[in-house]
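A.B. asks: Structure incoming, see below.
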Amino acid sequence: MSRSNALEFHLGDIDGQHERLFELQRSARLSLQNETDPARIRTELGGLRMYAKLHFDVEESFFSESGYPDAEVHRREHQVFLGQMDALIEDCGGDGQTVCARFDAAGVWLQRHILEQDMQYVEFLRLTGDHRDRLQAFGSHEEGVTKASARTP
Ligand SMILES: [Fe+2]
Ligand SMILES: [Fe+2]
């Protein structure tokens, strides 16, 4: 899927994307716990990584369109998460406990990113100009995150 097609498909539902990210995270976690075949674990982690990248691209396109001044800091955080996923994909054949612990830490990091960095962007939208469509995309943002994170193992 090209980047522009991806944007068309997913634009307007950041909240839903966060829910989906948490679902993929839970699924990858179960795979890390139960799978013995590293290739299968890599597929799960790769799916999460791919979806996260798609989601980050959508958010970052919002930043450019709305003139968000803290876009660079936020973009760097996205890069950190993708880097963590790349490292886990690389290392997932190694010591299971260490990989699980690193994956859990990345999951906690992602929740914090959504609650803090994404919320900071939502606050910016609330305070500046007419950003109704973008605000709508974040939907019941805090509620969605709370619901989703409550289900995290
Ligand atoms: Fe996000
Ligand atoms: Fe973000």
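A.B. asks: Just give me the residues in the range 61-81 being in a helix (DSSP H, G or I) and either at pLDDT 95 or above or on the phi > 0 side of the Ramachandran plot (or both), in sequence order. It would help to see each step written out before you state the result.
C.D. replies: So the first thing to find is which residues in the range 61-81 are in a helix (DSSP H, G or I), and the list is 61-66, 71-81.
The answer is Ala71, Glu72, Val73, His74, Arg75, Arg76, Glu77, His78, Gln79, Val80, Phe81.
A.B. asks: What about Val58, is it in a helix (DSSP H, G or I), among the aliphatic types (A, V, I, L, M) and either farther than 27 Å from Gly139 by Cα or at pLDDT 95 or above (or both)? Reasoning before the result, please.
C.D. replies: Details: in a helix (DSSP H, G or I): yes; among the aliphatic types (A, V, I, L, M): yes; either farther than 27 Å from Gly139 by Cα or at pLDDT 95 or above (or both): no.
Spelling it out, it is not the case that Val58 is in a helix (DSSP H, G or I), among the aliphatic types (A, V, I, L, M) and either farther than 27 Å from Gly139 by Cα or at pLDDT 95 or above (or both).
A.B. asks: Name every residue in the range 36-64 that is in contact (Cβ under 8 Å) with a residue 24 or more places away in the chain and either away from ligand 2 (no atom under 16 Å from the Cβ) or of a type in the set (D, E, K, R) (or both), in order of residue number.
C.D. replies: Pro38, Ile41, Arg42, Leu45, Gly46, Arg49, Lys53, Asp57, Glu59
A.B. asks: Of everything in the range 90-130, what is more than 16 Å from ligand 1 (Cβ to nearest atom) and in contact (Cβ under 8 Å) with a residue 24 or more places away in the chain? Give them in sequence order.
C.D. replies: Residues satisfying the conditions are Cys92, Gly93, Gly96, Val99, Cys100, Phe103, Asp104, Thr128, Gly129.
A.B. asks: Still on this model: Considering only the range 98-127, state which residues are within 12 Å of ligand 2 (Cβ to nearest atom) and under 24 Å from Ala28 (Cα atoms).
C.D. replies: Here is the first cut: in the range 98-127, the ones within 12 Å of ligand 2 (Cβ to nearest atom) are 109-122.
Answer for the range 98-127, where residues must be within 12 Å of ligand 2 (Cβ to nearest atom) and under 24 Å from Ala28 (Cα atoms): Trp109, Leu110, Gln111, Arg112, His113, Ile114, Leu115, Glu116, Gln117, Asp118.
The values are calculated or read from the model by the stated rules, or taken from the named source; none is laboratory data. Since the structure is predicted, the reported quantities are computational estimates derived from the model, not experimental observations. Note: ideal-geometry Cβ built from the backbone for every residue, glycine included; neighbour counts use all protein chains shown.
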